[in-house]
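Notes for the one structure printed next.
The values are calculated or read from the model by the stated rules, or taken from the named source; none is laboratory data. Quick caveat: nothing in here was measured; it's all calculated off a predicted structure. When we count neighbours, we look across all protein chains shown, and the Cβ atoms used for this are built from the backbone with ideal geometry, even at glycine.
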Amino acid sequence: MSVSIVYAILVTSLATFLSRFLGAVSSQGIKETSKIFKWFNCLAYATLAALIARTIIFPVGVLNEAGYLIRLTVVILSLGVFFVSKRNYVYPTIFSAVCMAVLAGFF
Amino acid sequence: MINKKIFFKGYKSILAHDSPAIALGCCFIAIGALLKNLGFNIQESIFSTMLTYALPGSLVMAESLLVGASLLNIFLAVWFVNARLYPMAVSLFPLMMHKNQPKWKYYFSCHFIAVSAWLIMKSNYKSIPKEQRIDYWIGIGSATWSVAVLGTFIGFYFSEFLNKEIMMGLAILNPIYFLCMMVGASKTIQITLSVLLGAILGPIFYFFSPEWSILFGGVVGGTAAYLIGEINVS
């Protein structure tokens, strides 16, 4: 088990570094005012949004044990805290953890 | 070499009132606890965070190990999940490229590309002269990377004190933090549409291909948002 864990870590880090390195190499020569830069900027934001949505709607790990309704409630309430707190990032984040722990404990 | 003043300015950026350090640290606490439950020892857990430094990738590796997947399966699954790092790198490095800076800094610091560091840099790069941005970026990356390693360490040793509800609370922190940052960053029509379309299309594509859903959602949503934005401008 221990040997396979080390190999799994190495393979995981290689697969992760590959995307980062290719991105760094291929970004050379791209100007920040160019259309291709703007396009990649949109791709990056959309990909992140897709990742976040998938993490919340189809979670893996322990979050999968919380029901859809609980997760949806936490997201809506946290966004509410975000806007009420004048777009502060820390309050809704801490609120979400407390809210999730409390709701998961009750239901 | 590295401009220490700018480096530490970047390093200290995680101490800002709206810093992702708390959310990031809590998520890696959850990862540390998860890795311990999977049978990792402390060295392997720290080694994993140091070398991978990407939450979804670590989760996929953990899941794959749990079901006894082969190394090739793990490589492909992690690569697909972390392919989002490619457009993130391409949309960040041109902001930091300067002819007076050596190439090795860019190749070395690409390891720090992760959502938290990327969002901090995107929010702050305009306040740093272009020549010094790479040092600032290395500072941000080192700081978030340190938080991740520390979080894994804490999670590993405190896992027995964390019950299921607390683990769930820790797991929701990062998505909520990123969600708020994305909503906060949605100041132009292209970025707003990118975020909206990505969030809608990602889960839809999940029904057709769970492995490719993030990438497909990002490419289709991002391209549509870019084109709509360009048409709107012209």
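Numerical summary
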| read-out | value |
| --- | --- |
| Hits in segment B:57-75 (condition: surrounded by fewer than 20 Cβ atoms within 10 Å (Cβ to Cβ) and in contact (Cβ under 8 Å) with a residue 24 or more places away in the chain) | B:LEU66 |
| Qualifying residues in segment A:1-55 (those that are among the charged types (D, E, K, R) and at the interface with another protein chain (Cβ under 7 Å from one of its Cβ atoms)) - the one farthest from B:MET88 (Cα to Cα) | A:ARG54 |
| Matching residues in segment B:145-184 - criterion: being assigned by TED's automatic domain parsing to the domain that holds B:ALA21, modelled with pLDDT under 85 and either more than 22 Å from A:VAL102 (Cβ to Cβ) or acidic (Asp, Glu) (or both) | B:GLU160 |
| Residue check, A:SER13 among the small types (Gly, Ala, Ser) and over 23 Å from B:GLU211 (Cβ atoms) | no |
| A:VAL102 more than 18 Å from the chain's Cα centre (by Cα) and either more than 7 Å from chain B (Cβ to nearest Cβ) or on the phi > 0 side of the Ramachandran plot (or both) | yes |
| Any hit, segment A:50-61, residues being modelled with pLDDT under 90, assigned to a helix (DSSP H, G or I), touching a helix residue (DSSP H, G or I) at 6+ places or on another chain (Cβ under 7 Å) and of a type in the set (D, E, K, R) | yes |
| In segment A:62-96, residue nearest to the other protein chains (Cβ to nearest Cβ) [restricted to those that are surrounded by fewer than 18 Cβ atoms within 10 Å (Cβ to Cβ) and either of a type in the set (Lys, Arg) or at positive phi (or both)] | A:ARG87 |
| Segment A:78-100: number of residues that are more than 19 Å from B:LYS164 (Cα to Cα) and β-branched (Val, Ile, Thr) | 3 |
| Tally, over segment A:2-36, of residues that are assigned to a loop (DSSP other than H, G, I, E, B), within 20 Å of B:PHE108 (Cβ to Cβ) and among the polar types (S, T, N, Q) | 2 |
| Breaking point among (1) more than 7 Å from chain A (Cβ to nearest Cβ); (2) at pLDDT 85 or above; (3) surrounded by fewer than 18 Cβ atoms within 10 Å (Cβ to Cβ), for B:LYS36 | (3) |
| Residues that are small (Gly, Ala, Ser) and more than 8 Å from chain A (Cβ to nearest Cβ), drawn from segment B:187-229 | B:SER209, B:ALA224 |
| Test: residue in segment B:83-98 that is free of Cβ contacts under 8 Å to residues at least 24 places away in the same chain and surrounded by fewer than 16 Cβ atoms within 10 Å (Cβ to Cβ) | no |
| Subset tally (residues that are small (Gly, Ala, Ser) and touching a Ser or Thr at 6+ places or on another chain (Cβ under 7 Å)) for segment B:178-212 | 3 |
| Answer residue from segment B:153-205, given it is among the hydroxyl-bearing types (Ser, Thr, Tyr) and over 17 Å from the mean Cα position of the chain (by Cα) and is nearest to A:ARG54 (Cα to Cα) among those | B:SER194 |
| Answer residue from segment B:59-94, given it is at the interface with another protein chain (Cβ under 7 Å from one of its Cβ atoms) and small (Gly, Ala, Ser) and is nearest to A:TRP39 (Cα to Cα) among those | B:SER91 |
| Pick from segment B:124-148, criterion under 20 Å from B:GLY184 (Cβ atoms) and among the polar types (S, T, N, Q), ranking: surrounded by the most Cβ atoms within 10 Å (Cβ to Cβ) | B:THR144 |
